[in-house]
Amino acid sequence: MIDLSAIRAAVAPSQPRVLVLANQKGGVGKTTTAINLGTALAAVGERVLIVDLDPQGNASTGLGVDRDERPVSAYDVLVGDAELADAVIDTSVPGLSLVASTMDLLGAELELADFDHRSHRLNDALDAFTRSDAGRAYSYVLVDCPPSLNLLTINAMVAADAILVPLQCEFFALEGLSQLLRTVDRVKASLNPDLEIQGIVLTMFDKRNNLSDQVAADVRAHMGDKVYRTVIPRNVRISEAPSFGKPALVYDYKCAGSKAYMKLASELIQRERDIRHAAA
Ligand code: ADP
Ligand code: MG
C-alpha cells in the first residue's frame, strides 16, 4: 500500500511560509486580501494564520472577533512577554486562525524604542511558534500591516519570507510601489537578506475605467511575472462583508470578488510550489 503520509511529509514544507501584506498606502486592499486570500486558502485545505499588526484591527473585526475576545493580542507578543501561541485564536472559518490586534499597538513603536532587537520582535516570536508542533501545522502565515512603513511594518518585513503587495489600480500606484521596493531593499540589505517580493496583486480593478487598464499595463511592464494574472475587481459585496464580521467568501461566495480571491489562492499555491521546486 502507498504510504500517503510519508509522501505528504516529503512534499509539504516543514514550516509555514510567512507572507507579509504590505503597502504604505491605506485603503489599497491589504486587509481585504489578508482576510479573503486566507479564507480561500483555508477553503482548499491549507491551515492559515493571520497576524493582525494594524492598530485599527480591521482584520480582527472583519473576521468577526470582537474587542472583548482578544485577551492576548499582537501587542502582548511584540511588547509584552506573551508567546505567540497564546495569542492564536480560532475564527469562524475552519482552518483559519488569528492573532488579533488591539489599539495598544498604537503605542508599540515608542515602547519598543528601548528594546534591543526591536525590529526582530515579531520574527523571534514567529520563529519560536513555527518551530513548535502547533506552528508546524500551518502552511501559511499572512501578516496584515498598518498603512505606513513604521516599526510594526519593519517587524513584519524582518519576519517575512516574502512580501505580497496589494496595489490599487490608481494614478500614483507606481510611485508608491517604488517607495515600498526601496524599503524592502533596505530591509534586505540590513535586516533580512532573504527577503523577496512574492507577488503583486492588482486590487479594486474597475473595468469601466480606462485608468485601471493603463495602470495595470504599466505595473506589468515594470514588474513582469511578479504581478499575479488574477486581478481583484471592485465589487460591492467585498466591501459589505466586513460589517457582518465575515469574509466575502463566506458572506457571498458566488460574487465576482470571492471568485477572484479563490483564483488568486490557486495561483498563489502554484507559485509557491514553483518557488519550492526552484529552491530544491
Ligand atoms: P487596507 O488594508 O490596505 O487599508 P482595505 O482592505 O481595508 O485596505 O480596503 C479599503 C476599503 O476598500 C475597505 O472599505 C474595503 O472594504 C474596500 N475594498 C477592498 N477591496 C475591495 C474591492 N475589491 N471591491 C470593493 N471594495 C473593496
Ligand atoms: Mg488594513
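Tabulated results
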quantity	calculated
Extension gain, Ser239 back to Ala280 (0.36 nm per residue minus Cα-Cα distance, nm)	10.7 nm
Point-to-point label distance, Asp116-Ser266, nm (Cα→Cβ direction, 7 Å offset)	5.1 nm
Surrounding net charge for Tyr251, when Lys and Arg each add one and Asp and Glu each subtract one, Cβ distance under 12 Å	+1
In order through region 120-133: 3J(HN,Hα) via Karplus (6.51 cos²θ - 1.76 cosθ + 1.60), integer Hz, x for Gly, Pro	9, 4, 5, 4, 5, 5, 5, 4, 4, 5, 6, 8, 7, 4
Ratio Rg/Rh, restricted to region 183-228 and using Cα atoms, in which Rh is the Kirkwood radius	1.14
Packing-based ranking, highest mean first, of 243-255, 151-163 given that Cβ atoms within 10 Å are counted	151-163, 243-255
Square roots of five times the Cα gyration tensor eigenvalues for region 213-280, Å	27, 18, 8
Share, in percent, of DSSP beta bridges within the chain that are antiparallel, nearest 5	10 percent
Alpha-carbon Rg/Rh ratio, for region 1-141, with Rh computed the Kirkwood way	0.99
Partners for Lys25 among lysines (Cα-Cα distance below 26 Å; same-chain residues under 8 apart left out)	Lys188, Lys207, Lys226, Lys246, Lys259, Lys263
Rounded if a/c under 1.5, otherwise prolate or oblate - region 177-257, Cα gyration tensor axes	oblate
Where Rh is the Kirkwood radius over Cα pairs, Rg/Rh for the chain	0.95
Solvent-free Debye scattering, log10 I(q)/I(0), computed from the Cα coordinates of region 62-176 at q = 0.14, 0.17, 0.21 Å⁻¹	-0.63, -0.92, -1.30
Amide H contacts under 5 Å for Cys169, placed H, 5+ residues apart	Thr203
Placed amide H near Val51: partners under 5 Å, 5+ positions off or other chain	Val99, Leu142, Val143, Asp144
Net length gained if the chain between Asp66 and Ala217 were fully extended (0.36 nm per residue, minus Cα distance)	50.3 nm
Virtual spin-label span in nm between Asp86 and Asn150, 7 Å along Cα→Cβ	2.5 nm
Calculated from backbone phi, Karplus (6.51, -1.76, 1.60) coupling profile of region 262-277 in Hz, x at Gly/Pro	5, 5, 4, 4, 6, 5, 5, 4, 4, 4, 5, 4, 4, 4, 5, 5
J(HN,Hα) series, region 237-252, from Karplus relation 6.51 cos²θ - 1.76 cosθ + 1.60, nearest Hz, glycine and proline x	4, 5, 7, 6, 3, x, 6, 9, x, 10, x, 4, 5, 8, 5, 7
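Any read-out appearing in this document is the output of simple, stated calculations on the displayed coordinates, not a laboratory observation. Note that the coordinates shown come from a computational prediction; the quantities given were computed from them, not determined experimentally. Counting neighbours? That spans all protein chains shown, and the Cβs are built from the backbone with ideal geometry, glycine included.
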